[in-house]
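The numbers here are math on the coordinates, done by the rules we state, and not lab data. The structure presented is a predicted model; accordingly, all values stated were derived computationally and were not measured. Glycine also receives a Cβ, built like all others from the backbone with ideal geometry; neighbour counts cover every protein chain displayed.
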Amino acid sequence: MTNLLAVAKKRLPTGNDGLTLAAIWVLLVTVPFWLPLMGGYTALASKVLVFGLAAMGLNLLLGFTGVLSFGHAAYFGLGAYGAGLTLRYLVHSTSLAMLAGILLGGLAGTLFGALIVRRRGVYFAMCTIAFGQIWYYIAYSWNDFTGGFDGLRDFHREPIGFGPLTFDITQGETRFYYFLLVIFAVSVALMGLLLRSPFGRTLLAIRENERRARFLGIPIERHIWLSFAISSFFTALAGTLYALLNNFADPLSLHYSLSGYFVVMTVIGGMRTFWGPLVGAAVFVLLQDYISSMTVNWMFFIGAIFMLVVLFFPRGLLGMRRAATKEKGA
Amino acid sequence: MWQIVLFNVTNGLIIGAFYVLMALGLSLILNLSSVINFAHGNFLALGGYLAYTLSPTIGYWGALLVSPLLTALIGVAVERLMIRRIYNRDPVYSLLLTFGFAFVIQDVCRYIWGPNGLPMGLPAMLSQPITPELFFITWYRVFMVTFVIVAVVGLFAFLRYTRIGLRIRAGTFDLETVATLGVNVRNLRTFNFAVGCMLAGLSGVLAAGQLGINPNMGDDLLMTSFIAIIVGGVGSLIGTLFGGLLIGMAAALTTVFYPSASEAVIYAIMMLVLLVRPRGLLGEEGMFT
């Protein structure tokens with residue numbers, strides 16, 4: 001027991017040294033000031049935050065529990081549709097819409113996680129892909145309710161009120177970016193706390209050696225299930241933000257290729273690092289934006305980049321950095 | 001009424017036949033190498049396109065034989081150059097590699113053959129209906145189903161009665177032991193991958209005659225093949241066979257009574273299987289769990 005926990009306790013491989021942390025937050029807070037100077041626009045940064053949050057949620061499962069889900073777009077898209085449908089049909093309230101989206105996506109993940117928690121490896125991945133496609137298919141074919149292939153339109157985010165204060169997020173890219181940033185910061189803090197808790201350490205132990213962890217009496221299935229559920233709640237939250245960002249929810253946000261993109265973002269940034277998925281999301285969003293403005297054959301280039309990453313940079317950007325500093329220290 | 005039912009049953013058989021060919025190839029690769037080949041649907045499209053390009057020169061029958069073999073050759077190159085490198089890594093890498101590769105092939109097909117659907121010319125004798133009453137059953141459909149049956153029987157006979165087939169089946173259970181017995185596992189996996197791609201290419205040629213060819217013709221079949229494998233049970237080829245037929249028939253029969261639910265039925269069957277018998281209908285407990 002002590003041996004295993006000692007390994008897990010040694011240091012969370014989060015890349016959380018003070019300097020990195022400060023750099024990341026300074027960069028994020030000042031985005032609206034420097035991004036336009038570099039030819040970008042703030043909505044692009046908002047997209048990075050949303051995808052980054054979704055990928056970080058996925059990474060709780062993928063990088064820190066060692067379980068491969070290739071269907072997280074389902075929870076993302078359910079979050080988006082949950083928020084969009086609430087705003088369109090039920091109430092004009094951003095916070096209630098977000099709550100509905102988070103519950104819809106998160107509970108779907110929780111229920112499905114319980115169903116497949118005993119599967120492992122590629123079989124687990126295949127089940128998550130197929131389950132995700134159910135929702136794509138429903139959103140695609142239920143034309144009257146979800147808008148079908150064209151997506152769900154005719155809703156928009158509403159000002160948010162905290163008691164007497166109202167915060168108008170309906171206008172202005174920059175204002176909405178800061179709204180996203182606050183939610184992102186809270187979520188990331190929660191994830192960090194979770195990974196530092198005994199529960200988070202146990203997840204690491206399961207990732208490192210499932211059989212040994214089982215012999216120590218850790219209820220593996222329950223831990224993986226909880227990790228799956230928590231991860232899908234965070235991804236669903238990102239999905240609701242995506243719907244609010246675009247005032248639009250489309251079936252492609254449920255499609256398995258988006259699940260694949262989330263996994264790619266995580267791997268590009270570094271699967272076993274805390275901030276990797278955010279970095280990966282930034283790289284991915286910028287690349288996609290750039291390539292699709294240059295050529296119609298963007299799929300070829302994106303696909304080729306995925307393959308190159310897998311073959312030559314499997315540890316990702318932050319993972320490589322960590323390996324380099326480790327070698328220097330040794 | 002009986003004509004509508006019969007029409008949909010033949011449709012179910014034909015669609016089920018595609019599912020089966022495609023899913024068997026996926027299943028072969030999955031069982032021996034633990035790789036989910038996301039590009040499998042694109043190998044199918046490739047088979048169709050190659051047949052389209054070749055048939056003016058070597059005729060339909062020639063293309064039917066040659067283009068699956070060419071697809072298999074491409075599969076050998078892909079396995080040797082890329083997939084081989086990631087066998088011993090986390091499964092996430094093989095998924096991402098084939099996922100990216102699927103994008104690449106799809107765009108290459110679109111670049112070479114254009115984004116629009118292409119018709120596949122058939123020999124005149126195959127496009128005739130069998131009888132005037134059964135106008136919807138062309139000889140092509142009969143031929144196709146027969147061909148698929150022959151191919152599937154051939155595959156199972158090959159796995160059952162040849163030395164290589166025995167090694168593939170043994171490797172499915174325990175690849176390490178097979179390797180220590182002196183079998184060249186590297187070549188075995190390459191060969192197995194090629195057989196899987198050949199099956200995809202074959203279903204591509206057959207599908208081309210029925211549905212035409214377009215760059216993403218394999219995408220829908222890919223997802224259904226996953227479901228066929230999950231329903232049938234991972235690790236069991238017979239299971240995949242039954243899974244494919246089952247969901248093909250179920251979808252077709254639903255079409256008779258409630259057309260818009262035909263795809264929902266497939267997913268419902270999958271959820272039911274996962275709920276009641278998570279290993280799949282003919283899956284072995286513990287093999288891939």
Quiz item: If you take the charge dipole of the protein assembly as shown about its Cα centre, with +1 on Lys and Arg Cβ and -1 on Asp and Glu Cβ, which of B:ALA252, B:ILE213, A:PHE233 is farthest toward its positive end?
Solution: A:PHE233
Quiz item: Rounded to the nearest 20 Debye, what is the dipole magnitude of region A:2-255 about its Cα centre when Lys and Arg each give +1 and Asp and Glu each give -1 at the C-beta?
Solution: 1200
Quiz item: Which of A:SER232, B:SER127 comes first, and how do the rest follow, when ranked by fewest Cβ neighbours within 10 Å?
Solution: B:SER127, A:SER232
Self-check item: GNM result for chain A, Cα springs below 10 Å: residue of A:PRO251, A:PRO159, A:PRO277 fluctuating most strongly
Solution: A:PRO159
Quiz item: To one decimal place, what orientation-averaged projected area in nm² is obtained for the convex hull of the Cα set of chain B?
Solution: 15.8
Practice problem: Mind checking B:86-92 for the average number of partner chain beta-carbons within 10 Å of each residue's beta-carbon? | Solution: 5
Quiz item: Any idea what Rg and Dmax come out to for region B:198-289 if you just take the C-alpha atoms, in Å?
Solution: 14.2, 41
Quiz item: Projected onto the charge dipole of chain A (+1 at Lys/Arg Cβ, -1 at Asp/Glu Cβ, origin at the Cα centre), which of A:VAL50, A:THR170, A:LEU311 gives the Cα projection farthest towards the positive end?
Solution: A:LEU311
Self-check item: Kirkwood-based shape ratio for region A:44-103, expressed as Rg/Rh from alpha carbons
Solution: 1.06
Quiz item: Do any chymotrypsin sites (Phe, Trp or Tyr not before Pro) in region A:25-103 lie in a DSSP loop with no more than 14 other beta carbon atoms within 10 Å, and if so, which?
Solution: A:TYR41
Practice problem: First measure r as the distance between the Cβ atoms of A:ILE24 and A:PHE313, then evaluate 1/(1 + (r/R0)^6) with R0 = 22 Å and state the FRET efficiency to the nearest 0.05. | Solution: 0.60
Practice problem: Between the alpha-carbon centers of region A:170-218 and region B:153-230, tell me the distance in whole angstrom. | Solution: 40
Quiz item: Using unit Cβ charges (K, R positive; D, E negative) and no other charged atoms, how large, in debye to the nearest 20, is the dipole of the protein assembly as shown about its Cα centre?
Solution: 2200
Self-check item: Most mobile listed residue (B:SER94, B:SER260, B:SER27) in chain B, GNM with C-alpha springs under 10 Å
Solution: B:SER260
Quiz item: Mean shadow of region A:206-330, computed from the convex hull of its alpha carbons, in nm²?
Solution: 10.6
Self-check item: Cα→Cβ-extended label distance, 7 Å offset, between B:LEU166 and B:MET125, nm
Solution: 4.0
Quiz item: Rounded to a whole number, what is D in µm²/s for region A:2-255 from Stokes-Einstein with the Kirkwood radius over alpha-carbon pairs (10 °C, 1.306 mPa s)?
Solution: 83
Quiz item: Among B:VAL276, A:VAL91, what is the fewest-to-most ranking by other Cβ atoms within 10 Å?
Solution: B:VAL276, A:VAL91
Quiz item: So for the protein assembly as shown, what are the equivalent ellipsoid semi-axes in whole Å, largest first, each being the square root of 5 times an eigenvalue of the Cα gyration tensor?
Solution: 42, 29, 23
Quiz prompt | Point-charge dipole on Cβ atoms (K/R +1, D/E -1) for region B:155-208, about Cα centre, debye to 20 | solution = 120
Quiz prompt | Shielding by partners, peptide A:115-128 (average Cβ within 10 angstrom, other chains) | solution = 6
Exercise. For chain A, set up a Gaussian network in which alpha carbons nearer than 10 Å are linked by springs, and say which option among A:LEU61, A:LEU115, A:LEU203 fluctuates the most.
Key: A:LEU115
Quiz item: Which distance in nm do the two modelled labels at B:TYR258 and A:ALA43 give, with both placed 7 Å along the Cα-to-Cβ direction?
Solution: 4.1
Quiz item: Along the charge dipole of region B:2-217, which of B:LEU21, B:LEU188, B:VAL153 sits closest to the positive end, that is, farthest toward it, with unit charges on the beta carbon of Lys, Arg, Asp and Glu (+1, +1, -1, -1)?
Solution: B:LEU188
Quiz item: Looking only at other chains, what is the average number of their beta-carbon atoms within 10 angstrom of each beta-carbon in B:259-268?
Solution: 3
Exercise. May I ask you to sort B:PHE147, B:PHE99, B:PHE257, A:PHE248 by Cβ crowding, counting other Cβ atoms within 10 Å and putting the fewest first?
Key: B:PHE257, B:PHE147, A:PHE248, B:PHE99
